[in-house]
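Worksheet for the structure shown next.
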Amino acid sequence: MGFAVKFWGVGGSIACPSPRHVGFGGNTSCLEVIAGDTHIVPDAGTGIRSLGHEFLRQDVRSAHLLLTHSHWDHINGFPFFGPAFEKNRHFQIRAGHLSDAGGVRAVFAGQMATPTFPVPLEAMSGQLEFEDFVAGEQFELAPGVRVKTAPLNHPSGATGYRIEYGGKSLCYVTDTEHVVGQPDQSVLGLIEGADLVVYDSTYTDEEFGRRVGWGHSTWQEGVRLSRQANVKRLALFHHDPDHEDPQMEEIEQQAKAMWDGAFASRETMLIQLD
Ligand SMILES: [Zn+2]
Ligand SMILES: [Zn+2]
């Protein structure tokens, strides 16, 4: 299958299934990255429910979940991830911001605990392996599948990822807030020369001033960083639920006009990287 990424959820903050969001999709953050025989799942927002159906159809038995962080919109699809309830399935779940905060397993158990959820984590019969690391570390998921990470500027921390396979690279950089006029050196280092960068484009530059401290960035900053770091393509991601289809179309047109490497990610979009 080579190296490819599929978008299962492109929204931020809260799922927004509505007739005004069908063009881009209303599920929250979840990607599927296929690198040879290795399946990688960056984030477990509500988009992971449909990915679970696909995994069952294709009989995918193992995958690596890489979490940017544990805000609801990035983890609350996991209790509805069907394959995790099946025996003989193996999922490794990693996070880079919780080693000093109780660990990722406790967060996953907590979101499935009474009185806010009926089915406990222990009801999942699949083999779940939780692993905490510190953002900035690097690791190899399988021979030839390298992952580099970097800390992002987000309340309670978040981790940016760079996945390399077969000489190509994909970066996943959400959620992160920039400082106006000061390009984030940590992000620039992570995305340098990447073939595709998926970037937190929650706001426009015009909206950003009223949202400082909320932990997000703008599509314009995504373009500025991508150009500076010689990135080939930029996928706007983590769409604001208040940006309905017509506004998203407009944002995408403006982004393409500013830099032709930019486009807005849409649910079920598949991009081949090799
Ligand atoms: Zn988010
Ligand atoms: Zn967040």
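The values are calculated or read from the model by the stated rules, or taken from the named source; none is laboratory data. The structure presented is a predicted model; accordingly, all values stated were derived computationally and were not measured. Backbone-built Cβ (ideal geometry, glycine too); neighbour counts: all protein chains shown. For the accessible areas, the whole protein counts, side chains as well, though only heavy atoms, and no ligand, DNA or RNA atoms are used. Shrake-Rupley method; radii C 1.70, N 1.55, O 1.52, S 1.80 Å.
Values computed for the structure shown
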{"item": "Test: SER125 is farther than 24 Å from VAL33 by Cβ and touching a Lys or Arg at 6+ places or on another chain (Cβ under 6 Å)", "result": "yes"}
{"item": "Candidates LEU51, LEU67, filtered to the one that is open to solvent by less than 10 Å² (accessible area, probe 1.4 Å), among the hydrophobic types (A, V, I, L, M, F, W, C) and within 16 Å of ligand 2 (Cβ to nearest atom)", "result": "LEU67"}
{"item": "Filter result (closer than 18 Å to ILE271 by Cβ and open to solvent by 20 Å² or more (accessible area, probe 1.4 Å)) within the stretch 198-251", "result": "LYS232, ARG233"}
{"item": "Qualifying residue in the stretch 238-247 (condition: closer than 20 Å to VAL22 by Cα, within 16 Å of ligand 2 (Cβ to nearest atom) and part of a strand (DSSP E or B))", "result": "yes"}
{"item": "Sole exception among (1) touching a Gly at 6+ places or on another chain (Cβ under 9 Å); (2) at pLDDT 95 or above for HIS64, by number", "result": "(1)"}
{"item": "Any hit, the stretch 127-138, residues being in contact with a His (Cβ under 9 Å, 6 or more places away or on another chain), small (Gly, Ala, Ser) and surrounded by 15 or more Cβ atoms within 10 Å (Cβ to Cβ)", "result": "yes"}
{"item": "All positions within the stretch 205-232 that are within 16 Å of ligand 1 (Cβ to nearest atom) and among the hydroxyl-bearing types (Ser, Thr, Tyr)", "result": "SER217, THR218"}
{"item": "Residue count, the stretch 94-106 (criterion: in contact with a helix residue (DSSP H, G or I) (Cβ under 9 Å, 6 or more places away or on another chain) and open to solvent by 40 Å² or more (accessible area, probe 1.4 Å))", "result": "3"}
{"item": "Test: residue in the stretch 155-174 that is among the hydroxyl-bearing types (Ser, Thr, Tyr), open to solvent by less than 10 Å² (accessible area, probe 1.4 Å), more than 16 Å from ligand 2 (Cβ to nearest atom) and not in a loop (DSSP other than H, G, I, E, B)", "result": "yes"}
{"item": "Residue within the stretch 85-93 that is within 16 Å of ligand 2 (Cβ to nearest atom) and crowded, with 22+ Cβ neighbours inside 10 Å present", "result": "no"}
{"item": "Subset of the stretch 208-230 that is among the charged types (D, E, K, R) and more than 16 Å from ligand 2 (Cβ to nearest atom) - its residue that is farthest from ALA262 (Cα to Cα)", "result": "ARG210"}
